[in-house]
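Comments concern the structure below.
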Amino acid sequence: PPQTPIRAAMTSIQQLRGELISTGDQPSAILDTYFKNCTVDPTQDVLKRLETLEQAFSQRFGQAVGPRCVVLGKQRFTLGVRLYYKVMEAMLKSEEKRLSVQNFSKLLNDSTFHTSLLACSLEVVMATYGESSFKTGGYIQEVAGGDPTETDVCFPWILDVFNLAAFDFYKVIESFIKADPTMSKDIVKHLETCENLIMERIAWRRGSPLFELLKQEHEGGAAEQLETPAS
Amino acid sequence: SHDYHFGLEDHEGISELFDCD
C-alpha cells in the first residue's frame, strides 16, 4: 500500500517503542556498572534529577497540550527515559573503546550532560509522535513576530522546560546520532534542523554561555588566530 | 542511512565536549 504521512508516523512510533521494549525504566546492569566504577557514584543524583525533570515536563506538557493529555506526557517521558538510558550506555561503551578508561565520574556527575541527553531523548520521542514540528511550531511564529504559542511543544520548547542552554543541548546531538544508528532518517533530519537553529540563532541570544567561552578564548590569547566576523 | 554530516574528529567525543577528558 502507498505510504501516507499517518502510516509513516505509525511505523516510526512502532519502531521506537519496539526498540525500547528491551530497555528498562531503570539503568541496565551494564550502565549500573559504569555508575559503580565512578569515583563518586552518580546513581542517586541521576534518579533524583529524573524525578525533578519529570515534574517540570509533565506540568508544562499538560499546559501546552491540554490537561486531559497529562497521561500522554507521562508516556512520552517514560519513553524518553528509556531512550536516555539506552543512548547513555552506547555513548559510554564508545568512550570506553576510544579512551580505554572505565571511570567516567566527571561526565556522569555533570548535571548539564544528563539534562542535555534527556532533552535530546525527549525531542526524539516528541518528533516521532509528530508533536515537535517546525512547520506549525511556536519558534517560527516567534521569529515571525507573533506570540510564542502555548499550544505546542516544538523545539526549542524543551530547552525552556529544562532551563537548558541551547549551546549545551548542541553538544550532545552528534554523539546522540552516532550512538543510536537505528534512528530514522526523518528524526536525524529533525535533530539536524535543531542543530542548525541553535548554530544560526538560538546560541547567540543574550545570556548564552557561548559568549563567556568566546571571552575565555580571547583572554587565553587565541584571539590573534581568529578570523574577523566579516570573513 | 542518512545524510547527517559528522563533524567530530576521531579524538573527540562526548567527554571532551563536556570538558571531562
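Looking at region A:20-51, which of its residues are out of contact with any helix residue (DSSP H, G or I) (no Cβ under 9 Å at 6 or more places or on another chain) and surrounded by 11 or more Cβ atoms within 10 Å (Cβ to Cβ)?
Result: A:33, A:47.
Residues in region A:58-75: is at least one under 24 Å from residue A:174 (Cα atoms) and either in contact (Cβ under 8 Å) with a residue 60 or more places away in the chain or of a type in the set (Ser, Thr, Tyr) (or both)?
Within region A:58-75, the first condition is being under 24 Å from residue A:174 (Cα atoms), and the residues that meet it are none.
Within region A:58-75 (the criterion being under 24 Å from residue A:174 (Cα atoms) and either in contact (Cβ under 8 Å) with a residue 60 or more places away in the chain or of a type in the set (Ser, Thr, Tyr) (or both)), the answer is no, since none of the residues qualifies.
Being closer than 18 Å to residue A:176 by Cβ and either within 10 Å of chain B (Cβ to nearest Cβ) or in contact with a Gly (Cβ under 8 Å, 6 or more places away or on another chain) (or both) is the filter here, so list the residues in region A:98-113 that pass it. Step through it out loud before you land on a result.
Residues of region A:98-113 that are closer than 18 Å to residue A:176 by Cβ, as a first pass: A:98, A:104, A:107-108, A:110-113.
Within region A:98-113, A:98, A:104, A:107, A:108, A:110, A:112, A:113 meet the criteria.
For residues that are in contact (Cβ under 8 Å) with a residue 24 or more places away in the chain and of a type in the set (Asp, Glu), scanning just region A:25-49, find the one that is farthest from residue A:114 (Cα to Cα).
Only one residue tops the list, namely A:25.
Residues checked against (1) under 18 Å from residue A:47 (Cβ atoms); (2) at the interface with another protein chain (Cβ under 10 Å from one of its Cβ atoms); (3) modelled with pLDDT under 95:
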residue: A:75; (1), (2), (3): no, no, yes
residue: A:80; (1), (2), (3): yes, no, no
residue: A:85; (1), (2), (3): yes, no, no
residue: A:88; (1), (2), (3): yes, yes, no
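Please specify each residue of region A:206-229 satisfying the condition of being more than 29 Å from residue A:160 (Cβ to Cβ) and modelled with pLDDT of 65 or more. Can you show your working first?
Taking region A:206-229 as the starting set, the residues that turn out to be more than 29 Å from residue A:160 (Cβ to Cβ) are A:218-228.
Those that are more than 29 Å from residue A:160 (Cβ to Cβ) and modelled with pLDDT of 65 or more: A:218, A:219, A:220.
So if I check each of A:11, A:39, which one is more than 20 Å from residue A:162 (Cβ to Cβ), part of a helix (DSSP H, G or I) and among the β-branched types (Val, Ile, Thr)?
None of the other options fit; the residue is A:11.
Could you list all residues from region A:18-36 that are part of a helix (DSSP H, G or I) and not β-branched (Val, Ile, Thr)? Even if it seems obvious, please write down each step before you answer.
Within region A:18-36, the first condition is being part of a helix (DSSP H, G or I), and the residues that meet it are A:18-19, A:29-36.
Within region A:18-36, A:18, A:19, A:29, A:31, A:32, A:34, A:35, A:36 meet the criteria.
Could you tell me which of the residues A:22, A:94 is of a type in the set (S, T, N, Q) and free of Cβ contacts under 8 Å to residues at least 40 places away in the same chain?
Values: A:94 fails: free of Cβ contacts under 8 Å to residues at least 40 places away in the same chain.
The unique qualifying residue is A:22.
The values are calculated or read from the model by the stated rules, or taken from the named source; none is laboratory data. None of the values given here were measured: they were computed from a predicted structure. Glycine gets a Cβ as well: all are built from the backbone with ideal geometry, and neighbour counts include every protein chain shown.
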